[in-house]
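Q: Before I ask anything, let me first share the structure, which is written out below as structure tokens.
Nothing in this text is a laboratory measurement; each read-out follows from the coordinates by a stated rule. Keep in mind it's a predicted model, so treat the numbers as computed, not measured. In this analysis, Cβ positions are derived from the backbone assuming ideal geometry, glycine residues included, and neighbour counts consider all displayed protein chains.
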Amino acid sequence: MVTRLGLIMAICFSLVVFGAGTNFAQELKSNADTSVSLEPEVQWLWGEVLAANPADKTMLVKYVDYDSDIEKEMIITTDSQTTYENVRSLEQVKPQDTVSVDYVLGGDGGNLAKNISVEKPENDIGDSNDAGSKGVGLIKE
């Protein structure tokens, strides 16, 4: 009886001593996991230009907030790092243009454009005297 009790105590002691290291071990986090990104998150909107002011480097865009399904307006600020697609600069952006804007929240609470893409209407693509407008090339039965 004493040998059984001793054997049980030895097994329990072994489990406590050798199992304690694995039961209470914590994984160390790498520096990459704990570092905070200094780059602000890029956001996106698609909408219609209501006004463009190249002197102030701003434009006002009407868009639909997809979370609330409500039309809203946002002032977008540009800087020398803003890139443009289908236009060369803010001077060529006109009211009623449809734009896609990648932007970040600026330190002053404003919305700083990273990229502005102006969508071209289908009738502006190609030559204005294209074959489709004259009916040339249409299949007739």
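Q: Let me know the charge dipole size of the stretch 43-121 about its Cα centre in debye, to the nearest 20, where only the beta-carbon of Lys, Arg (+1) and Asp, Glu (-1) is charged. Don't skip to the end; give the middle numbers.
A: Working: 7 positive and 14 negative charges, 61 e Å.
Approximately 300 debye in magnitude.
Q: With r as the distance between the Cβ atoms of Lys120 and Glu73 and R0 = 30 Å, compute the FRET efficiency 1/(1 + (r/R0)^6) and round to 0.05.
A: On the way: r = 23 Å, r/R0 = 0.77.
Efficiency at R0 = 30 Å is approximately 0.85.
Q: If I histogram all Cα-Cα distances within the stretch 80-126 using bins 5 Å wide from 0, what percent of pairs lands in each bin?
A: Binned Cα distances yield the sequence 5, 20, 28, 22, 14, 7, 3, 1, 0.
Q: Counting other Cβ atoms within 10 Å of each Cβ, which GluC sites (Glu not before Pro) in the stretch 39-122 have at most 15 and sit in a DSSP loop? If you can, show how the numbers build up before the last one.
A: Values: sites: Glu41, Glu48, Glu71, Glu73, Glu85, Glu91, Glu119, Glu122; in loops: Glu41.
Those that pass, being in a loop and sparsely packed, are Glu41.
Q: Hey, another quick one. What residues from the stretch 87-111 fall in the zone where the backbone N is under 15 Å from a label point 7 Å along the Cα-to-C-beta line of Gln43?
A: Correct set: 101-111.
Q: Compute the whole-percent fraction of alpha carbon pairs in the stretch 43-121 spaced more than 14 Å apart.
A: Percent of Cα pairs beyond 14 Å in the stretch 43-121: 57.
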